[in-house]
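Student: Dumping the structure here so I can ask a few things about it.
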Amino acid sequence: MDRDSQLELYGAVAARLKEAHSRVRALQVPEGVRMALSRKLLVITAAAKHDLAGAARRLDRLMKDLDEGRFPEGD
C-alpha cells in the first residue's frame, strides 16, 4: 500500500472510530454493555497502530453489529 492510500485509510478509520464512539455513548443500553463496546473500540484503536487494514475490517464488523442491534453481553 502506498503512502497516500495509507493516509487515506488512516483518515477514514479515524473518522469511523470517532463516529463509533459517539454512537456507543448515545446508546440506551446497560452500563455493562456500553463498557464492553468501549473495550472493543479500544482494542480496534490499538490494533490500528500495527494493522490498519485489519482494524478497518474489525471496525466494519462492529459498526454492522451496531446497525443490526447486536450488542455484547455486559459483565
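The values are calculated or read from the model by the stated rules, or taken from the named source; none is laboratory data. These numbers come from a predicted model, not from an experiment. As a convention, Cβ positions derive from the backbone with ideal geometry for all residues, glycine included, and neighbour counts pool all protein chains shown. When the accessible area is computed, the model is the full protein with side chains, heavy atoms only, and any ligands, DNA or RNA have been set aside. Shrake-Rupley method; radii C 1.70, N 1.55, O 1.52, S 1.80 Å.
Student: For Lys49, give me every one of the lysines with a C-alpha distance below 16 angstrom, ignoring sequence neighbours fewer than eight places off in its own chain.
Tutor: Result set, ordered by chain and number: Lys18, Lys40.
Student: Of all the Cα-Cα pairs you can form in the chain, what percent are over 15 Å apart?
Tutor: For the chain, the fraction of Cα-Cα distances above 15 Å is 53 percent.
Student: Further question on the same structure: Helix 31-48 versus the longest principal axis of the chain: what is the Cα-based angle in degrees, 0 to 90, to the nearest 10?
Tutor: Relative to the chain, helix 31-48 is tipped by roughly 10 degrees.
Student: Considering only DSSP states other than H, G, I, E and B, which trypsin sites (Lys or Arg not before Pro) in the chain qualify as loop sites with at most 12 other Cβ atoms within 10 Å?
Tutor: Within the chain, the qualifying trypsin sites (Lys or Arg not before Pro) (loop, at most 12 other Cβ atoms within 10 Å) are Lys49, Arg70.
Student: Next question. Round to a whole number: what % of the accessible area of the chain belongs to carbon and sulfur, probe 1.4 Å?
Tutor: 53
Student: Can you give the accessible area per residue of region 1-63, in Å², using a 1.4 Å probe?
Tutor: 66
Student: Residue farthest toward the positive end of the dipole of the chain, with Cβ of Lys/Arg at +1 and Asp/Glu at -1: which of Ala46, Met35, Ser5?
Tutor: Working it through, the farthest residue towards the positive pole turns out to be Met35.
Student: Same structure, new question: Per the helix-only calculation at 222 nm, which mean residue ellipticity applies to the chain, given -39500 (n - 2.57) for every DSSP H run of n ≥ 4 and division by its residues, nearest 500 deg cm²/dmol?
Tutor: -26500 deg cm²/dmol
Student: Okay, next question. Let's see if you can work this out: charge +1 on each Lys and Arg Cβ, -1 on each Asp and Glu Cβ, no other charges. What is the dipole magnitude of region 24-72 about its Cα centre, in debye to the nearest 20?
Tutor: My answer is approximately 120 debye.
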